[in-house]
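Student: Submitted below is the structure of interest, expressed as C-alpha cells.
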Amino acid sequence: MKVESSVLRTPDECFQHLPGFDFAPRYHWLEDRRFGALRMHYLDEGPRNAPVVLMLHGEPTWCYLYRKLIDPVVGAGYRVLAPDHIGFGRSDKLARRSDYSYQGFVDWLSQWLLALDLRHITLVCQDWGGPIGLRLLGAMPERFDAVLATNTLLPNCEPAPRGIGEWPGRIIEDWVASSKAAADLPVSEIIANTCVKRPGAAVLRAYDAPFPDASYKAAALEFPSLIPIRESMPGITENRAAWQVLERFEKPFLTAFSDSDPSTKAWEAVFRSRVPGARALPPVEISGAGHFVQEEAGEPLAKVLLDFLARNRG
C-alpha cells in the first residue's frame, strides 16, 4: 500500500539487533480522513483467547519500553498487546507537528482497539499512556476489567484534591517550552536523564531506533505541547468527562508509581482519592526508579503486575 509523501516510515533495518527485544512485529491499517491509510505497529504475544493486558507507552518511547514485562505476563497465561502510537516506534510518522493532536492520538488508538475487538482488558499505562488510555476507558468502560497506572496522569486543570493545585509546575512548564522551540529532540538522552541509573549504550540506541533523523520526530517534538495545562486547551473537556467515568469505576485500579519521578508523582493521590477501585487497594511504590519505571525496574514492576493480575483473575 502506497504511503503518502507527508507520511514517513522508519526503515526496517533500524530495528535489527535490539537488545532483549525478540518480538514479531504486527501491523494494522488505520483509516485517516487526511492521510488515508496509516500503518500502526503493535506487539501481540500470548494466546488469542486469553485475558488481555494492554501496555501503553508515552513520550518519547515506544513499545520497546515494555520488553521486560511481556514474557513474564505471557508466561502467566495472558495475551499482551503493546502498540506504538502513530509517530513512534515502527508505526507511521506524520511529517509535520501540526498533523498531531491529543484527540488524534485517542482516535487512532480507539480505532485500533475496536478493530481488534479487545475486551477484558487490564490497562497498563505510563506517561501519555494514561491521558490516551484512560480516555478510551472513559469512552468504553465495559471493555476494561482493571488498570495499573504507573508514573502517569490525566490532566483536568481542577484544584486539589480533584486535580493538582500547582500543576504543571516548573518541570512540565520548562519541558513544554523547550520542546515547542526545538527543531530536534535527543530522545535517548531524555530517557537517560530521567533515570536514576543511566541505561547502557545499546539500550539507548534502541530508543533512538525509530528516529533516523529529526524529520521523523514531529510527534515526539509535539507531544509535550499537547498536554492540556490550561483550562482553555483541547482535551480538558474530554478529560473531565473521563474523570466522571473513573469516579464510578469500581473495578481494580492499582497505582504503582516510582519513588523518583517528580513530574507525575502527585497524580497518584488524585487517582486514589477519586477512583473507587483505587481506594480499595493499597498503593505500591517502586523504589530506585525515575520516570521510565519499566526500563529501570522492569522486573519489580512485572512482579507487581503479575500479583495484581492473579488477584483479579476470575
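Any read-out appearing in this document is the output of simple, stated calculations on the displayed coordinates, not a laboratory observation. Values in this document were obtained by computation on a predicted structure and should not be read as measured data. Positions of Cβ are backbone-derived with ideal geometry, glycine not excepted, and every protein chain shown enters the neighbour counts.
Student: Among Gln294, Ala219, Cys14, flag the residue with its Cα farthest along the positive direction of the charge dipole of region 7-309, charges on Cβ as +1 for Lys/Arg and -1 for Asp/Glu.
Tutor: Value: Ala219.
Student: Sum up the charges of everything whose Cβ sits under 10 Å from the Cβ of Thr61, counting Lys and Arg as +1 and Asp and Glu as -1, but leave Thr61 out.
Tutor: With Lys, Arg at +1 and Asp, Glu at -1, the net is -4.
Student: Just how large is the dipole of region 76-209 about the Cα centre, in debye to the nearest 20, putting +1 at every Lys and Arg Cβ and -1 at every Asp and Glu Cβ?
Tutor: So the dipole magnitude of region 76-209 works out to roughly 220 debye.
Student: Classify region 71-184 as rounded, prolate or oblate from the Cα gyration tensor: take a ≥ b ≥ c as the square roots of its eigenvalues, call it rounded if a/c is under 1.5, otherwise prolate when a/b beats b/c and oblate if not.
Tutor: Oblate, since a/c reaches 1.5 and b/c is not below a/b.
Student: So how compact is region 7-309: Cα radius of gyration and Dmax in angstrom?
Tutor: For region 7-309, the Cα radius of gyration and maximum Cα-Cα distance read 17.6, 48 Å.
Student: What is the magnitude of the charge dipole of region 37-84 about its Cα centre, with +1 placed on the Cβ of each Lys and Arg, -1 on the Cβ of each Asp and Glu, and no other charges, expressed in debye to the nearest 20?
Tutor: The calculation lands at about 100 debye.
Student: Express in nm, to one decimal, how much length is gained between Met233 and Ala214 on full extension, taking 0.36 nm for each residue of separation and deducting their alpha carbon distance.
Tutor: 4.2 nm
Student: Ok, one more. Amide H of Gly87: which non-local residues (sequence gap of 5 or more, or other chain) have their own amide H closer than 5 Å, using H built in the peptide plane?
Tutor: Asp92, Lys93, Leu94
Student: Another question, then. Pull up all non-local amide H partners of Asp32: gap of 5 or more, or a different chain, and H-to-H distance under 5 Å with H placed in the peptide plane.
Tutor: When sequence neighbours closer than 5 places are left aside, the close amide H contacts are Ala37, Leu38.
Student: Set the Förster radius R0 to 25 Å, insert the Cβ-Cβ distance between Ala139 and Ala269 as r into 1/(1 + (r/R0)^6), and round the FRET efficiency to 0.05.
Tutor: 0.50
Student: Once you have a ≥ b ≥ c as the square roots of the Cα gyration tensor eigenvalues for region 190-314, tell me rounded if a/c is under 1.5, and otherwise prolate or oblate according to whether a/b is larger than b/c.
Tutor: oblate
Student: Give me the net charge of Ser110's neighbourhood, meaning all other residues with Cβ under 11 Å from the Cβ of Ser110; Lys, Arg count +1, Asp, Glu -1.
Tutor: +1
Student: With an 8 Å cut-off on Cα pairs and a minimum separation of 6 or more residues, tell me the relative contact order of region 61-213 in percent.
Tutor: 18 percent
Student: Now, a different point. Summing -39500 (n - 2.57) over the DSSP H runs of n ≥ 4 in the chain and dividing by its residue number, what mean residue ellipticity at 222 nm do you reach, to the nearest 500 deg cm²/dmol?
Tutor: Computed mean residue ellipticity for the chain: -10000 deg cm²/dmol.
Student: Now, a different point. Asn312 to Asp12: extension gain in nm, 0.36 nm per residue of separation minus the Cα-Cα distance?
Tutor: That pair, Asn312 and Asp12, stretches by 104.2 nm at full extension.
Student: Just check region 41-126 against the gyration tensor rule for me: Cα atoms, a ≥ b ≥ c as the square roots of the eigenvalues, rounded for a/c under 1.5, and otherwise prolate or oblate depending on whether a/b exceeds b/c.
Tutor: prolate
Student: Looking at the chain, what % of its DSSP beta bridges pair antiparallel, to the nearest 5?
Tutor: 40 percent
Student: Which net charge results for the neighbourhood of Arg274, defined as the other residues with beta-carbon distances under 13 angstrom from its beta-carbon, given Lys and Arg at +1 and Asp and Glu at -1?
Tutor: +1
Student: Sorted by average packing, counted as other Cβ atoms within 10 angstrom per residue and highest first, what order do 6-12, 188-194 take?
Tutor: 188-194, 6-12
Student: Taking the Cα centre of the chain as origin, work out the dipole magnitude from +1 charges on Lys and Arg Cβ and -1 charges on Asp and Glu Cβ, in debye rounded to 20.
Tutor: Roughly 520 debye for the chain.
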